[in-house]
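Peer 1: Supplied in structure tokens, the structure appears directly below.
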Amino acid sequence: MANIIEKAEDYVSSATISMEVLRDKLSEFLAVERGGLKLYDEAVRIVTDPQISKQFEVFRDQTRRHETILMQVMEQLGLDVRYLSPAAKVAQQKANGLLSTMTSPDGFPSKAAEINAIENIVLAETKDHADWEMLGKIARQSTDSQLRDVLKPAVSEVEPQEDEHLNWTKEQLARLEFAALSEQRKE
């Protein structure tokens, strides 16, 4: 979440937002959400810790809602949700790259695969979190009242969830990595 000082500064500054650049960014952000859905599907399949698996199912459902919200934002702004910007194509490649590392190669211990899956979620959520922070900044700084009116409720709903996705998943990654290190020392 953007810090308080940054948010306060956003409210006293303004910016004219290029709709062409915003269209490309929203297309990219939508591709990130869609890639996140695939990553959550695979992580739920791999993760054996029931607490993490259950929370990932919740986050996946919220991510599905975020995808819907982004499509609604684009439609309200008169943008084509089928448009795939060059950055969206790169976002798809990144998600596919992360997915490709989640298929366990022979000899890869299941705990290592689980940690890797969670790490991939942290990587994806870091980008997703930054995207929603950017939309919040646009909502606070845009001189376009329609853009502000469309983005503010979307950001208000999604940004706190993105904070939770990233922070909780990072905590779980650290917990499992530490447990794995502690177990190895006992052997």
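Peer 1: Which residue, Arg64, Arg175, Arg148, has the most motion in a Gaussian network model of the chain that connects Cα atoms within less than 10 Å?
Peer 2: Arg175
Peer 1: Now for a different question. Starting from the 7 Å offset along Cα-to-Cβ, what nm value, one decimal, do you get for the label separation of Ser53 and Asp80?
Peer 2: Taking the two extended label points, one gets 4.2 nm.
Peer 1: In vacuum, with every alpha carbon of the chain counted as one equal point scatterer, what does the Debye formula give for log10 I(q)/I(0) at q = 0.10, 0.16 Å⁻¹? Two decimals, please.
Peer 2: So the normalised log intensities are -0.45, -0.97.
Peer 1: Where Lys and Arg each count +1 and Asp and Glu each count -1, what net charge lies around Ala43 among other residues with Cβ under 13 Å from its Cβ? Before the final figure, lay out the partial values.
Peer 2: On the way: positive: Lys38, Arg45, Lys54, Arg60; negative: Asp41, Glu42, Asp49, Glu57, Glu114, Glu119, Glu125.
For residues surrounding Ala43, the net value is -3.
Peer 1: I want to check the label-to-label distance for Arg148 and Met71. Put each point 7 Å from Cα in the C-beta direction and report it in nm to one decimal.
Peer 2: 3.0 nm
Values in this text are rule-based calculations from the coordinates and carry no lab data. Note that the structure is a prediction, hence the values are computed from the model and not measured. Here Cβ is always computed from backbone atoms with ideal geometry, including for glycine, and neighbour counts include all displayed protein chains.
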